[in-house]
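Down below is the structure, laid out as structure tokens.
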Amino acid sequence: MTLDRSEQAIARAAADRAVPRHVAIIMDGNGRWAKARHLPRAAGHRKGMETVREVVRVAGELGISYLTLFGFSSENWKRPETEVKDLMGLLRLYLKREALDLHRQGVRLLVIGDRARLAADIQESLAEVETLTAANTSLTLIIALSYGGRAEIVHAAQRIAEDARDGALDPASLTEDAFAARLFTDGIPDPDLLIRTSGEQRISNFLLWQLAYTEFVFVDTLWPDFDRESLLSALGEYGRRERRYGAVSA
Ligand code: IPE
Ligand code: IPE
Ligand code: MG
């Protein structure tokens, strides 16, 4: 879907102000969207997948370089088996249906999280799409799957401890950059903007390290209802923020 003229104008205005290089989204509220319609939670997840397609497309058109979507948390494994199954089924469908489209749009797909916990066929599909799209340069789409921020930090700490044990690293000279290079997000700039939908105002174990200086925008819209206008409005809010990084404003 392309932007109409007025939206292009808004988009240009947003671009002039500051289109964030990296937007991260906690896509929340699928269950409540379904409940309000007396539908099963899976129907909310299905509609939420349509939102993902739309937001990826618009993010590319706006010139956002990195889009990170929280698709499934390490804590989401605690949900009823049927819901986990539904979500994994939708992930399979998304990969099958969208892979070529993403490639055509010039999107590069990256996955962060504990992918070893995912079913073997999903791991294979993810690896295939990552390989297919590896050289694309328009938008990097990072999907967090079986992802937990604390687990990621512990994983990085393990790798550092191993390097130190093997004599490859001097603990006293460990830098923040060297630590960050052991996270799943190595090479990806920190998010400029975090959006969480559905009115909840918490991080839920997402990107704990990377969000240190990110601007947060919380919106009441449920993820299945989030659209181009919602994204543009969040970008507008971001454009009005002053980022100081601990310094005194100019
Ligand atoms: C977000 O919607 C999707 C996932 C967390 C996988 P939810 O399923 O959390 O929806 P609510 O929060 O119950 O409404
Ligand atoms: C966070 O949403 C995880 C994803 C969006 C994938 P949750 O719905 O799982 O978070 P809580 O349980 O409300 O904190
Ligand atoms: Mg939720």
Inset, instruction - Grab the Cα-Cα distance for D166 and E83, subtract it from 0.36 nm times how many residues apart they are, and report the gain in nm with one decimal. - result: 25.6 nm
Inset, instruction - Using a 10 Å Cβ count of at most 15 others and DSSP loop calls, identify the longest part of the chain lacking such GluC sites (Glu not before Pro). - result: 1-199
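What whole-number value in cubic angstrom gives the convex hull volume per residue for the C-alpha atoms of region 46-108? Before the final figure, lay out the partial values.
Numbers: hull volume 5.3 nm³, N = 63.
Here the figure is 85 Å³ per residue.
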Inset, instruction - Skip the ligands, DNA and RNA, and give the accessible area per residue of the chain with a 1.4 Å probe, whole Å². - result: 52
Inset, instruction - Determine the distance separating the Cα centre of region 71-133 from the Cα centre of region 195-250; give it in Å without decimals. - result: 24
Inset, instruction - Please work out how much length the chain gains when fully extended from Y213 to R159, using 0.36 nm per residue of separation minus the C-alpha to C-alpha distance, in nm with one decimal. - result: 17.0 nm
Inset, instruction - Using only alpha carbon pairs under 8 Å that are at least six residues apart, calculate the relative contact order of the chain and give it in whole percent. - result: 28
Inset, instruction - State the volume of the convex hull built on the alpha-carbon positions of region 134-201, expressed per residue in Å³ and rounded to an integer. - result: 154
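In debye to the nearest 20, how big a dipole does the chain give about its Cα centre with +1 on each Lys and Arg Cβ and -1 on each Asp and Glu Cβ? Let's see the in-between values first.
Working: 33 positive and 36 negative charges, 137 e Å.
Dipole about the Cα centre, nearest 20: 660 debye.
Could you tell me which trypsin sites (Lys or Arg not before Pro) in region 166-217 are loop residues by DSSP with no more than 15 other beta carbons within 10 angstrom of their beta carbon? Could you put the intermediate results ahead of the total?
Details: sites: R182, R196, R202; in loops: R182, R202.
Those that pass, being in a loop and sparsely packed, are R202.
Mind checking the alpha-carbon convex hull of the chain and giving the volume per residue in Å³?
Numbers: hull volume 36.6 nm³, N = 250.
In the chain, the Cα hull volume divided by residue count equals 146 Å³.
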Inset, instruction - Over region 150-250, calculate the relative contact order: mean separation of alpha carbon pairs under 8 Å at least 6 apart, over the residue count, as a percent. - result: 23
Legend entry - Protection proxy ranking, peptides 204-212, 33-41, average beta carbon neighbours within 10 Å, highest first: 204-212, 33-41
Legend entry - Share of pairwise Cα separations in region 104-250, more than 22 Å, in percent: 55
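The values are calculated or read from the model by the stated rules, or taken from the named source; none is laboratory data. Keep in mind that this is a model prediction, so the values were computed, not measured. Cβ: placed from backbone, ideal geometry, glycine included. Neighbour counts: every protein chain shown. Ligands, DNA and RNA are stripped out before the accessible areas are found, and what is left, the full protein with its side chains, is counted by its heavy atoms. Shrake-Rupley method; radii C 1.70, N 1.55, O 1.52, S 1.80 Å.
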